[in-house]
Every structure is written in structure tokens, then in C-alpha cells.
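Reviewing the structure listed below.
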Ligand SMILES: Nc1nc2c(ncn2[C@@H]2O[C@H](COP(=O)(O)OP(=O)(O)OP(=O)(O)O)[C@@H](O)[C@H]2O)c(=O)[nH]1
Ligand SMILES: [Mg+2]
């Protein structure tokens, strides 16, 4: 049966997936409950939301155990998207951040060097993306706080070590450990289509994190052959060979990330003035004039009448409605 969910509900669900603290989660879940259309086609989904509300409330009232959650990390999202760097020990995750960002993160020949999440900003043209260096994940080791940090990210970079014959096993272990906590590393973003309740239930119950596979140490002997094997097994993923040490393959990495996370840039101008080309707004592909306007100021939700636009598929200065779909590098002038 079709669930007939509104865009508002889908947005609320997306916010829930990014929520970290139990308080935030509860607020988002209550929001989803308020927005879900109440009919037979959403019975199971309503049940799942109620179940999650009860779960979070239990979390909130349970006596705090110092043990597990003593290191809750929340990495405030900055820039166009937040990507967590996951991988086995010594894959070169910290080396990647050292090469691409100014983050101070330790690189060392021995494994288990990184113990906490370390964010760094990577520049791409006039915007930045946030990479988060993480401790390694192995069969026997995964810091419990990593789960929340991974779940809150927009995408993941799964870094594999081309000097290791076990690199596919490493990938399986990492994916398996995350599957268990209902975080699924997937090739690309799930298409938001007209959904059945089952599909929506799946999306609400779990996090699907678009993941690119970065094969590091391409400079080392035997790397090419192992790369071919990874390409075969991860044919549906974006697979990039790089050397984080020498920078090989990283010259175009910003562009790769930009395309992968599916965002666009919009510039604003005021009537009679030049556009502000310094500070683009970054929005997901498919975003409308209204979505951009709301980033400028939330009052536009009520007040926006139309926009004039310069960019793709329009005449310069053409008037468009609130629901006009934007393209990368469009310039808009908002009118109330
Ligand atoms: N040859 C070569 N060595 C690399 C490359 N990238 C990283 N290394 C080396 O691999 C070792 C581990 O690098 P790190 O960046 O510390 O690895 P990590 O994945 O952060 O390791 P953990 O923090 O323990 O999980 C260091 O000695 C790096 O210099 C590369 O592209 N080529
Ligand atoms: Mg490290």
C-alpha cells in the first residue's frame, strides 16, 4: 500500500538520521509522528516510530552508565558535506587528512594510532568539505562512540590498504560491524521515490550511508593487482586508487567528492547589486529556489513571492517560482 508521505515527513526522517543526542532524537521522532499521514498504509511505520520513541525515552531515564558512553563525540558539521574516513589500522586514513586538510592528526608506522575523531576541512574550488579521521575498525575493535559519529555523517570513505592481501576481508569486517548497528555502507544514495510502507520502514529503521572506496598506497608493489580485485568486488561503488603519501590521484579528489555527495552551489544577489560570489550556499541536488531562500532567512518560507535567476536553463534575470529547481552555480535574487 502506498504510504503517501509528504516531503515534510521525509525531511523530518532525514533530520532524525542525523540526530545524535537522545534529546535530539526524541524531538525528531515526535516531529515524524506529528507529520506522518495517519491511515492504514502507515500503520507499521507509526508502530516503528512509537517503538523508537519508547526506546529513546528509556535511554533518557535509564541511570547513566559511565562505561560505554563516557566519550560521546559530536562533530559539528561544517562545509558542504561531512564524510567519515573508515578503514582498517594503518590504511592511511590520517595520512589522507594530513595531505588534504590542515588537521593535526598523527600518522605512524604502527597500527591503532588514531583514538578520537579528528575533523579537517578540504577545499574544493569555492567550498569546503569536512573529512573526519577515525580510529580503525577491526574484528575485535571498534570504539562504541564511532557508531553515532558515522550515523550522523553524510557519506563515508572506506579506505583500503593496497599493500594487504586481506583488504577485502577488512572491508567485510567493517561493513559487517556497521550492519549490526543498522548502518549500511552502500554504493550511492537511495533514490527518494514514491515509497511503499515497507520501503519507508526500511529507511526509518536503518541508515544507508553512501560510501566511496578509496584504495590507498597505489605506489606500493602489488597494488595494481589488488586494485583490480577490489574493482571487481565493488563494481557498483566509486573506487578510487590513490597514494595519500605522495598525493597520487588526489588532485581531482575534491571534484570526486563534490559529484559523489550530490550537492550544488547557489549564489545570492540583492536587487541592483552584484552577486555575492564569495559565499555560496550548498544544497542537495534537486533543491528549489525556496530551499535556498530558507537558508538565507527562514522568513522567506512565508514571504518569498518569486526569484530572478541567472544560470542554467534560464534567460538571464528570468523570473521563476519558488519551486524552480536549481542548478550548480545559479545566482538568485529573492523577492518578497
Ligand atoms: N607507501 C605509502 N605509505 C603510506 C601511504 N599512506 C599512508 N602510508 C603510511 O602508512 C602508515 C600508516 O598511516 P596512517 O595514516 O597513520 O594510517 P591510519 O589508517 O590513520 O592508521 P590508524 O590510525 O592506526 O588506524 C604510515 O607509516 C604512513 O606513512 C601511501 O599512500 N603510500
Ligand atoms: Mg590514524
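The values are calculated or read from the model by the stated rules, or taken from the named source; none is laboratory data. Treat the numbers as computed from the prediction; the structure is a model and nothing was measured. FYI the Cβ positions are ideal-geometry reconstructions off the backbone, even for glycines, and counts take in every protein chain you see.
Here is how the numbers come out for the structure above:
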{"item": "1 or more residues crowded, with 21+ Cβ neighbours inside 10 Å and touching a strand residue (DSSP E or B) at 6+ places or on another chain (Cβ under 7 Å): qualifying helices (runs of 4 or more DSSP H) within the stretch 1-115", "result": "93-100"}
{"item": "Test: residue in the stretch 106-122 that is more than 16 Å from ligand 1 (Cβ to nearest atom), closer than 21 Å to residue 246 by Cα and assigned by TED's automatic domain parsing to the domain that holds residue 154", "result": "yes"}
{"item": "Verdict on residue 140 being farther than 17 Å from residue 254 by Cβ, out of contact with any strand residue (DSSP E or B) (no Cβ under 7 Å at 6 or more places or on another chain) and assigned to a loop (DSSP other than H, G, I, E, B)", "result": "yes"}
{"item": "Residues (out of contact with any helix residue (DSSP H, G or I) (no Cβ under 6 Å at 6 or more places or on another chain), assigned to a loop (DSSP other than H, G, I, E, B), at pLDDT 95 or above and within 14 Å of ligand 1 (Cβ to nearest atom)) located in the stretch 143-171", "result": "163, 164"}
{"item": "Residue tally, condition in contact (Cβ under 8 Å) with a residue 60 or more places away in the chain, farther than 29 Å from residue 334 by Cβ and in a loop (DSSP other than H, G, I, E, B), over the stretch 243-270", "result": "4"}
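So that you can scan it fast, the table gives a plain yes or no per residue for (1) surrounded by 15 or more Cβ atoms within 10 Å (Cβ to Cβ); (2) assigned to a loop (DSSP other than H, G, I, E, B); (3) out of contact with any strand residue (DSSP E or B) (no Cβ under 7 Å at 6 or more places or on another chain):
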position	(1), (2), (3)
272	no, yes, yes
278	no, no, yes
282	yes, no, no
286	no, yes, no
294	yes, no, yes
308	yes, no, no
315	no, yes, yes
319	no, no, no
333	yes, no, no
